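Take a look at the structure set out below.
The values are calculated or read from the model by the stated rules, or taken from the named source; none is laboratory data. All values reported here derive from a predicted model rather than from experimental measurement. Backbone-built Cβ (ideal geometry, glycine too); neighbour counts: all protein chains shown.
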Amino acid sequence: MLTTNQNFSDNWQDSLPSLHHRFAIHLPGITEESRKTTSDLLKRNHESHHCFFNSKHFHNHLTHHLLAAFSLGAPPKRLEEIYESHARYQKPIGDITGQPEITEDNWNKFFSQPEYYGNYLRFWTREVKKKGVDTVIKAYLFNPSKEGSNDFFARLVGTGYHHLIHLGYGLEFSLELIVVEALALTSVSSSDVESFLLDPPGPIGVTLDTLAIQAFTTFTSTFGFSSPPTPPSTSTSALSIVDLIHSDHSLDNIVKFEDERKLKMVSEKVAEKVKEYAKMWVIDSGSQEDVLNKTKELIAFSMSVYAGPTRPGTELKLDFFLMHALTSSLFLPIYLSHLSLVDATRLLQAHFSATLAYYISQGRPRLYLLENLFSYKSQLEGYNDDTTNPWLKVIERAIAHEDEHLVKSIRTLLWGATHIDSLKVSRDATGPYPLSHYWLNSAKLTLDAIQGENWWDHSGVGFDETWNGKPVKKPDFY
């Protein structure tokens, strides 16, 4: 059967963002007017814009920016400004008339073909409306026996975690149209981390309904721990593994500063080694306590590899790819209330494996956690004032900032400051050190580094050449 065009927003007339997810950051300042404005703008984007805005498959970030700012209390006028700033360079979905209809039988036959994005929107809309979000996620993403499922899962985690973030927004705000977009863009995107992912775990008798619900109801108290989680005896901490990778001279020259496709070099040369290191981070998928503690550890770890590489006394630079490890980690707690412990373990392990691969691809940077980040002082006037709550200025500046990745980064760091309070920062540290310093200082560092014409670094913060060069300038599509 051939497809015909349709209004892609037909099914989402009453789709308002929910504010009831217990693991989300939703600040005072959100109003019914801002909810309605956000809903209208999301539907306008859904109906009009493709998931890529150019032939290089650069992602449409309009939804991410809009929902991040909305959650921090951005008023309707600012939300409209955000929409217009992105909409001006998006491209249309395109005419899908005459394309083969996508069904359950051929659902994976049009992967990596962006011209089928609109067609996939139709397919995933039907599936979600018929079966529900959680059933679709389980059936297509976490179902190793289903043809195409493992490939689809790798696509979700790959491409800079973008699809993982998009689906996370859909789950956080209970927005089915965002879930549908996430599944459609995952379908038409390529996979670049599959070689690093461990095999799916086998069933161990853990059921979705009972333990996932228990995990959901006990998560808040688990995240209130004031001391580092105790890992299983067979596990090595995430930061210790990165320390080992940094010191592993067999990885020297695997990636060079001048390589344009650095992650591909890692995949071609040392994918098995990445998996060996990933296996050292062991999660007990039969223990809800360990899954929850490992989620906490992974978010703090993502912050460390994001902000830690900043070298003392140099021009500030933050890595574009490691930043995505941070911003995607925000949604890991959101996913837990939708997954069995076995599937949650698989997702956490995949995120960790991908982050190790990106860490190697960006030059295995040293982390200056104690030497620089712990005592970092902002360059912005008034941001080191110890008589007021410094987060208030940080949030205000993030809402007004033009860069969508910055507000997403600040939002993640704010979540961490709210929920995760301690961490042993290296294998040699006696710790735990109070993480409140690291979350806030990482936020200050982000605001200092991404301002004016200075943008995210793509060249690799582990290479000396990166720090000897000039700051990266933001691209002209902004």
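Could you run through the stretch 346-392 and say how many residues are in contact with an Asp or Glu (Cβ under 8 Å, 6 or more places away or on another chain) and farther than 19 Å from Leu244 by Cα?
Going through the stretch 346-392 one residue at a time, the tally reaches 3.
Only one of (1) assigned to a helix (DSSP H, G or I); (2) in contact with a helix residue (DSSP H, G or I) (Cβ under 6 Å, 6 or more places away or on another chain) is not met by Phe110, so which one is it?
Every listed condition holds for Phe110 apart from (1).
What do you reckon, is Tyr376 touching a Leu at 6+ places or on another chain (Cβ under 9 Å), of a type outside the set (A, V, I, L, M, F, W, C) and at pLDDT 95 or above?
The answer is no for Tyr376.
Does the stretch 405-414 contain at least one residue that is of a type in the set (Lys, Arg) and in contact with a His (Cβ under 9 Å, 6 or more places away or on another chain)?
yes
Restricting attention to the stretch 416-442, and to residues there that are part of a strand (DSSP E or B) and closer than 15 Å to Gly308 by Cα, which single residue is modelled with the highest pLDDT?
Tyr433
I want to confirm something. Restricting to the stretch 1-47 and keeping residues that are at pLDDT below 95 and of a type in the set (Ser, Thr, Tyr), which single residue is nearest to the chain's Cα centre (by Cα)?
Checked the stretch 1-47; the qualifying residue nearest to the chain's Cα centre (by Cα) is Ser18.
Inside the stretch 311-361, can you point out the residues that are touching a strand residue (DSSP E or B) at 6+ places or on another chain (Cβ under 7 Å) and among the charged types (D, E, K, R)?
Lys317, Asp319
Restricting to the stretch 252-290, count the residues that are under 20 Å from Val305 (Cβ atoms) and in contact with a helix residue (DSSP H, G or I) (Cβ under 6 Å, 6 or more places away or on another chain).
15
Can you say whether Leu370 is more than 24 Å from His59 (Cα to Cα), in contact (Cβ under 8 Å) with a residue 12 or more places away in the chain, in the same structural domain as Lys275 (by TED's automatic domain parsing) and surrounded by fewer than 19 Cβ atoms within 10 Å (Cβ to Cβ), as far as the supplied structure shows?
Here the answer is yes, as Leu370 does meet what is asked.
Only one residue in Phe142, Phe173 is modelled with pLDDT of 95 or more, hydrophobic (A, V, I, L, M, F, W, C) and touching an Asp or Glu at 6+ places or on another chain (Cβ under 8 Å), so which one is that?
None of the others qualify; the one that does is Phe142.
Please find, among Glu127, Glu147, the residue that is surrounded by 18 or more Cβ atoms within 10 Å (Cβ to Cβ), more than 22 Å from Ile25 (Cβ to Cβ), more than 23 Å from the chain's Cα centre (by Cα) and outside the structural domain of Ser353 (by TED's automatic domain parsing).
That would be Glu127, the only listed residue that is surrounded by 18 or more Cβ atoms within 10 Å (Cβ to Cβ), more than 22 Å from Ile25 (Cβ to Cβ), more than 23 Å from the chain's Cα centre (by Cα) and outside the structural domain of Ser353 (by TED's automatic domain parsing).
Among the residues of the stretch 356-415, what is the count of those that are part of a helix (DSSP H, G or I) and of a type outside the set (Gly, Ala, Ser)? Steps first, please.
In the first step, residues of the stretch 356-415 are kept if they are part of a helix (DSSP H, G or I); the result is 356-361, 373-375, 390-400, 404-415.
This time we only want the ones that are of a type outside the set (Gly, Ala, Ser), so: 356, 358-360, 373-374, 390-397, 399, 404-408, 410-415.
The total comes to 26.
Does the stretch 294-306 contain any residue that is touching a residue at least 24 places away in the same chain (Cβ under 8 Å), within 15 Å of Phe142 (Cβ to Cβ) and either under 13 Å from the mean Cα position of the chain (by Cα) or assigned to a loop (DSSP other than H, G, I, E, B) (or both)?
No, the conditions are met nowhere in the stretch 294-306.
Look through the stretch 250-272, keep the residues that are assigned to a helix (DSSP H, G or I) and of a type in the set (D, E, K, R), and return whichever of them is farthest from Phe196 (Cα to Cα).
Looking at residues that are assigned to a helix (DSSP H, G or I) and of a type in the set (D, E, K, R), I get Lys262.
Please verify whether the stretch 310-322 includes one or more residues that are under 16 Å from the mean Cα position of the chain (by Cα), at pLDDT 95 or above and more than 20 Å from Val255 (Cβ to Cβ).
no
Given (1) among the acidic types (Asp, Glu); (2) under 23 Å from the mean Cα position of the chain (by Cα); (3) modelled with pLDDT of 95 or more, identify the lone condition not met by Glu260.
Of everything listed in (1) among the acidic types (Asp, Glu); (2) under 23 Å from the mean Cα position of the chain (by Cα); (3) modelled with pLDDT of 95 or more, Glu260 misses just condition (3).
Among the numbered conditions (1) assigned to a helix (DSSP H, G or I); (2) more than 20 Å from Val255 (Cβ to Cβ); (3) of a type in the set (S, T, N, Q), tell me where Ser353 comes up short.
It fails just one condition, (2).
One residue is enough: does the stretch 404-414 have a residue meeting the conditions over 17 Å from His324 (Cβ atoms) and modelled with pLDDT under 95? If you could, list the steps in order and put the result at the bottom.
First, pick out the residues of the stretch 404-414 that are over 17 Å from His324 (Cβ atoms): 414.
Keeping just the survivors that are modelled with pLDDT under 95 gives none.
No; the residues of the stretch 404-414 include none that is over 17 Å from His324 (Cβ atoms) and modelled with pLDDT under 95.
Here's the yes/no breakdown for (1) of a type outside the set (Ser, Thr, Tyr); (2) in the same structural domain as Ala398 (by TED's automatic domain parsing); (3) over 13 Å from Pro114 (Cα atoms); (4) surrounded by fewer than 22 Cβ atoms within 10 Å (Cβ to Cβ):
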residue: Ser48; (1), (2), (3), (4): no, no, yes, yes
residue: Lys56; (1), (2), (3), (4): yes, no, no, yes
residue: Leu67; (1), (2), (3), (4): yes, no, yes, no
residue: Phe70; (1), (2), (3), (4): yes, no, yes, no
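Looking at (1) aliphatic (A, V, I, L, M); (2) farther than 16 Å from Pro201 by Cα; (3) surrounded by fewer than 23 Cβ atoms within 10 Å (Cβ to Cβ), which is the only condition Met280 fails?
(2)
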